[in-house]
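Q: Dropping the structure in here first, questions after.
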Amino acid sequence: MRISQQIWPRSVVLVCSVDEDGKANVMTASFVMPVSFNPKYIAVSISPKRHTFSNLQKVREMTINVCDVNMKKAADICGTYSGKNVDKFELANLTEEKSRKIRVPCIKEAPISFECVVEGMHEYGDHFIVVGRVVEEHVRKAEFEPLLHGSGDDYFTARKID
Ligand SMILES: Cc1cc2nc3c(=O)[nH]c(=O)nc-3n(C[C@H](O)[C@H](O)[C@H](O)COP(=O)(O)O)c2cc1C
């Protein structure tokens with residue numbers, strides 16, 4: 001069994017990055033976790049095969065944009081195509097929004113975006129844990145239906161239980 005079928009569901013985020021010329025890219029990730037309350041740190045596990053990974057090696061900044069259920073189609077597109085070949089902002093109909101503290105843009109459609117400075121990239125197996133310190137956050141919607149991922153094409157949302 002794949003680990004993604006064993007530990008689920010996981011929040012879906014869109015990770016934005018830029019290359020040395022400032023060209024932005026966006027990829028979907030669900031291997032993501034909060035690390036620290038204060039200061040806020042977020043970790044995301046990224047394969048070295050991703051265009052996002054080579055961007056992060058060059059420019060150590062990223063935005064983590066939390067997806068709600070309305071962003072399923074965009075998450076699918078940004079998790080299928082590579083920024084090596086296409087402009088996924090255009091393809092997935094996502095709007096870049098200028099960040100306040102870093103060069104990497106946020107995504108306007110996301111209920112919550114975090115501007116992060118990458119402080120560590122550590123290899124474990126076939127992925128790298130990329131750890132970002134949150135330097136700014138944007139809360140556009142405090143209450144939303146989160147987009148959650150299982151494995152492959154399986155998406156979910158959450159409900160509160162007693
Ligand atoms: C729902 C979903 C979750 C994903 N989670 C991850 C992840 O956590 N880490 C990762 O490296 N790739 C993940 N992927 C795969 C990348 O998003 C995909 O390979 C993407 O095309 C990489 O884009 P890039 O080459 O432009 O960086 C996921 C894909 C989907 C659809």
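What follows draws every value from the coordinates through simple rules; no lab data is involved. Quick caveat, the model's predicted, so the values are computed rather than measured. Methodologically, a virtual Cβ is constructed for each residue, glycine included, from the backbone with ideal geometry; neighbour enumeration extends over all protein chains shown.
Q: Could you work out [θ]222 nm for the chain from helices alone, using -39500 (n - 2.57) per DSSP H run of at least four and dividing by all its residues? Round to the nearest 500 deg cm²/dmol. Please list the in-between numbers first.
A: Details: 4 runs with 23 residues, N = 162.
Using -39500 (n - 2.57) per qualifying helix, the result is -3000 deg cm²/dmol.
Q: What is the distance in Å between the Cα centroid of the range 90-108 and that of the range 111-135?
A: What the calculation gives is 17 Å, centre to centre.
Q: Rg(Cα) of the chain divided by 2.2 N^0.38 Å? Mind showing how you got there, number by number?
A: Values: Rg = 14.7 Å, N = 162, 2.2 N^0.38 = 15.2 Å.
Ratio of Cα Rg to 2.2 N^0.38 Å: 0.96.
Q: Could you work out how far apart the two model spin labels at Lys141 and Ile161 are, taking each label as a point 7 Å from the Cα in the direction of the beta carbon, and quote it in nm?
A: Taking the simple label geometry, Lys141 and Ile161 are separated by 2.5 nm.
Q: A further question on this structure: Show me 3-16, 148-161 ranked by packing, highest mean number of other Cβ atoms within 10 Å first.
A: On the way: 3-16: 18.9, 148-161: 12.4.
My ranking of the peptides, most packed first, is 3-16, 148-161.
Q: Now, a different point. Have a look at Phe89, Gln6, Ser113 and report the one farthest towards the positive end of the charge dipole of the chain, computed about the Cα centre with Cβ charges (Lys/Arg +1, Asp/Glu -1).
A: Working it through, the farthest residue towards the positive pole turns out to be Ser113.
Q: Testing the spin-label approximation: label points 7 Å from Cα along Cα→Cβ at Ser36 and Val69. State their distance in nm.
A: Result for the modelled spin labels: 3.6 nm.
Q: Kirkwood Rh over Cα pairs of the range 47-110 into Stokes-Einstein at 20 °C, 1.002 mPa s: D in µm²/s? List each step's numbers first, then the result.
A: Numbers: Rh = 12.6 Å.
Result for D is 170 µm²/s.
Q: Please list the equivalent ellipsoid semi-axes of the range 1-52, computed as the square roots of five times the alpha-carbon gyration tensor eigenvalues, in descending order and whole angstrom. Mind showing how you got there, number by number?
A: Details: eigenvalues 103, 58, 15 Å².
Largest first, the range 1-52 gives 23, 17, 9 Å.
Q: State the volume of the convex hull built on the alpha-carbon positions of the range 2-87, expressed per residue in Å³ and rounded to an integer. Let's see the in-between values first.
A: Details: hull volume 9.9 nm³, N = 86.
Given the Cα convex hull of the range 2-87, per-residue volume reads 115 Å³.
Q: Something else about it: Please enumerate, by chain and number, the aspartates and glutamates with C-alpha under 13 Å from the C-alpha of Lys49, excluding those fewer than 8 residues away in the same chain.
A: Partners found: Glu123, Asp126.
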